[in-house]
Amino acid sequence: MQRDGKTAPSDLQLKIVLHGTRPPLWRRLVLPSDTSLGTLHDAIQVAFGWHGGHLHLFTDEFGRGYGDAARLTGMDLGFGHGVGDEDVIALGDVLAEEKERLRCVYDFGDGWEHRITLEKTLPRPAGTERTVRCVGGRRADVPAEDIGGVWGLAEVLECLATPGGAGDGPYG
């Protein structure tokens, strides 16, 4: 746990599910508890094979928002509230107890929603290198970033599975 401010170094194991995908598309990441939410966003982008060129917003279970405070405006958020700066907020400060969750909406046009759950806290022996690792997942068929969100992905997958659809063409 990080919230009390006097804990030993630890790593957090997170399960990140791309909401609305069937079967679920997910990744399991292990990150140091003092990793910033900005770095978590970067890790999610790498784990899902995206380039990270769109706006995003983390929201905790209490409705508090965290993001790139310099880029997000009241218009982007739709309600005019400020956000916590993701580059100074530690992951362990918003996810301290197992099963706590964060939501991250990425690309406000496509509306990709990542549901992030703290699965467990792992001790990190002194002197161990601080690393971010992807240790598991399901469905390596990562959707193209600008495909239209979950709905666009479903449409493409249906087309590829349909006889005579795009999957039967010269590129299928």
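Please verify whether the range 149-159 includes one or more residues that are part of a loop (DSSP other than H, G, I, E, B) and either within 15 Å of the chain's Cα centre (by Cα) or not hydrophobic (A, V, I, L, M, F, W, C) (or both). No, the range 149-159 has no match at all. Restricting the range 22-58 to residues that are at pLDDT 95 or above and of a type in the set (Lys, Arg) leaves a set whose member that is nearest to ALA154 (Cα to Cα) is ARG27. Note on the range 109-147: residues that are over 20 Å from ASP11 (Cα atoms), small (Gly, Ala, Ser) and surrounded by 16 or more Cβ atoms within 10 Å (Cβ to Cβ) total 0.
Please name all residue pairs, on different chains or six or more residues apart, with Cβ atoms under 9 Å, provided the first residue is in the range 52-72 and is under 15 Å from GLY92 (Cα atoms) and the second residue is among the polar types (S, T, N, Q). Between residues of the range 52-72 that are under 15 Å from GLY92 (Cα atoms) and residues that are among the polar types (S, T, N, Q), the close pairs are TYR66/THR59.
The values are calculated or read from the model by the stated rules, or taken from the named source; none is laboratory data. Computed from a predicted model, the values in this text were never measured in an experiment. Here Cβ is always computed from backbone atoms with ideal geometry, including for glycine, and neighbour counts include all displayed protein chains.
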